[in-house]
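Readers should treat all values here as calculations from the given coordinates under stated rules, not as data from a laboratory. Just so it is clear, the structure is predicted and the values come from calculations on it, not from any experiment. Here the Cβ is made from the backbone with ideal geometry for all residues, glycine too, and neighbour counts use every protein chain on show.
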């Protein structure tokens, strides 16, 4: 198995962060639109520590799972591609 290069790890991190920032932007926009649309005065958000911890743990577990599965599938695709490009002499060895 090849060791992953720094560029590959960086690109994976950038891809994951892009998706997370996109999700955050959508959620923040929804919160701001919901807050300004009500007829009652906004008094502030309350944060339940247990719910926040549950969400953070869930996101971390999901992120780890998706990274492992995605990297494994990518390896399968790449190995399948290079197996298909071998000549018949290389396959006999």
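When each of 30, 46 is scored by the number of other beta-carbon atoms lying within 10 Å, the sequence from fewest to most is 46, 30. With both labels modelled 7 Å from their Cα along Cα-to-Cβ, the residue 8 to residue 61 distance reads 2.9 nm. Residues 58, 70, arranged from fewest to most other Cβ atoms within 10 angstrom of their Cβ, appear as 58, 70. Normalised by residue number, the volume inside the convex hull of the Cα atoms of the range 46-85 is 36 Å³ per residue.
For residue 17 and residue 52, the FRET efficiency from 1/(1 + (r/R0)^6), where r spans their Cβ atoms and R0 equals 22 Å, is about 0.60.
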